[in-house]
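The values are calculated or read from the model by the stated rules, or taken from the named source; none is laboratory data. Just so you know, these numbers come straight off a predicted model, no measurement behind them. Quick reminder, even Gly has a Cβ in these numbers, built from the backbone with ideal geometry, and neighbours come from all protein chains shown.
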Amino acid sequence: MMEVAAVLKAELNAEFLATVAEKSDGAALRGDYAHADEQYVVQQDWAAYTEAEHELWRKLYQRQAALLPGRACDEFIEALHQMDAADGIPEFTHTSGELFKATGWTIVAVPGLIPELAFFNHLANRRFPVTVWLRTPAEFDYIVEPDVFHDFFGHVPLLFNPVFADYMQRYGQGGLKAMQLGGLDNLARLYWYTVEFGLINTPQGLRIYGAGILSSGGEVEYCLKPGTGSRHIHLNIERCLRTLYKIDSYQETYFAIDSYQELFDGTAPDFTPLYEKLKDLEVLPANTLLSGEVELLA
Ligand SMILES: [Fe+2]
């Protein structure tokens, strides 16, 4: 459970709610922001990583990679193998060049958590911010902010998929808009339940595409296990935007899509009327099952 709390709390703070000045608990952020530019971009000083850090990366990588067959979606596994990142902390510029050729996305190095405006701006311009620092050995299962392993291993592979890559850009554009419309809490739930904790239906069964799961040792196994009490239901965007999520335990609901195209198409409409409608609707607890909803993994 602890490792889940770690990644997720971090994501909550990091990708939507934090400011660079302080986290919600008032503690200082971990990264070094002194050399960041106005978009919070820094250089990845790859030569400064120690051999011990590369070794820790290899251990994290090996543990996760061993869990992926039969659980992660094929797109993730194939891209991960092509990224050739098993032997140590990767050089972002190398992967970024390959990624650009594939989908027009690039990786930008950031010191850690960045404000939502900068975050959405990067996504809207097909740039994915990746934290430069790696957790310590004591944090193998538990980190308090997203590190390079979560950001790179968890998020970058699926950016090689053209449709998912387009969805991420659209999400960033939607985020900039949501900031103006007071819809950020709603839209954050979509990121949470798709980009971080999403599942996809395949002919072989449910598979994982969410980075929060794929970079977590425990939730990779948990999320596809029947009988845990967690729900697995088909993604409905409006329903998702109303659904609270857990930051201190495994998810109580996982939303599954049938295709990345479905995800992209679902975010095509203007959410302005949806945000208005949601203001009058109750939020739903994380373990809700509405009448008519079918559990995909009873
Ligand atoms: Fe993340």
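Against the condition more than 16 Å from the chain's Cα centre (by Cα) and surrounded by 16 or more Cβ atoms within 10 Å (Cβ to Cβ), how does residue 257 come out, does it pass?
Working: more than 16 Å from the chain's Cα centre (by Cα): no; surrounded by 16 or more Cβ atoms within 10 Å (Cβ to Cβ): yes.
Against the criterion (more than 16 Å from the chain's Cα centre (by Cα) and surrounded by 16 or more Cβ atoms within 10 Å (Cβ to Cβ)), residue 257 does not qualify.
Using the structure shown, decide if residue 137 is in contact with an Asp or Glu (Cβ under 6 Å, 6 or more places away or on another chain) and in contact (Cβ under 8 Å) with a residue 60 or more places away in the chain.
Working: in contact with an Asp or Glu (Cβ under 6 Å, 6 or more places away or on another chain): no; in contact (Cβ under 8 Å) with a residue 60 or more places away in the chain: yes.
Taking the combined requirement at face value, the residue does not satisfy it.
What is the residue count in segment 207-253 for residues that are of a type in the set (S, T, N, Q), within 16 Å of the ligand (Cβ to nearest atom) and without any contact (Cβ under 8 Å) to a residue 60 or more places away in the chain? So that I can check it myself, show each step before the final result.
Taking segment 207-253 as the starting set, the residues that turn out to be of a type in the set (S, T, N, Q) are 215-216, 228, 230, 236, 243, 249, 251, 253.
Filter again for within 16 Å of the ligand (Cβ to nearest atom), leaving 215-216, 251.
Still in the list and also without any contact (Cβ under 8 Å) to a residue 60 or more places away in the chain: 251.
Adding up the residues that qualify gives 1.
Mind listing just one residue for me: the one in segment 99-134 that is farther than 21 Å from residue 170 by Cβ and touching a helix residue (DSSP H, G or I) at 6+ places or on another chain (Cβ under 7 Å) and, of those, modelled with the lowest pLDDT?
113
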